[in-house]
Amino acid sequence: MIDGPGDYTISGKSYDAGISAASVSGKFGADGSGTSTVEIKVADSVRDGYYPLVLTTKAGKGDRTFMLLNVVGEGGS
């Protein structure tokens, strides 16, 4: 049995207008694992290029942050 928080939330923040991520929450499995899908929306007005999105996962009193690089345009989303 793993001792720790049972729930987590994931939120996203973009520094570029027109890119957003929906917040999601979930529960850890008995083995401590967790899986979630974060929906990222890109407005039609966003030009082709590379855009960072900061995702933060919070569980209990702790949090982890990482940066996801989004490709918009040809070959991207």
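The values are calculated or read from the model by the stated rules, or taken from the named source; none is laboratory data. Just so you know, these numbers come straight off a predicted model, no measurement behind them. Using ideal geometry, Cβ is built from the backbone for each residue, glycine included, and neighbour counts are taken over all protein chains shown. The accessibility values were calculated without ligands, DNA or RNA, using every heavy atom of the protein model including side chains. Shrake-Rupley method; radii C 1.70, N 1.55, O 1.52, S 1.80 Å.
Here are a few things to note about the model shown:
- Filtered residue count, the stretch 33-64, keeping only those that are more than 22 Å from Glu74 (Cβ to Cβ), open to solvent by 80 Å² or more (accessible area, probe 1.4 Å) and hydroxyl-bearing (Ser, Thr, Tyr): 2
- The C-beta contact set for the stretch 40-66 (first residue over 13 Å from Ser23 (Cα atoms) and acidic (Asp, Glu), second residue at pLDDT below 95 and in a loop (DSSP other than H, G, I, E, B), distance under 6 angstrom, 6+ apart or interchain) comprises Asp48/Gly73.
- Taken together, the residues in the stretch 1-32 that are of a type outside the set (A, V, I, L, M, F, W, C), in contact (Cβ under 8 Å) with a residue 24 or more places away in the chain and open to solvent by 60 Å² or more (accessible area, probe 1.4 Å) amount to 6.
- Which listed residue is modelled with pLDDT under 95, touching a strand residue (DSSP E or B) at 6+ places or on another chain (Cβ under 6 Å) and of a type outside the set (A, V, I, L, M), from Ser11, Ser45, Ser36: Ser36
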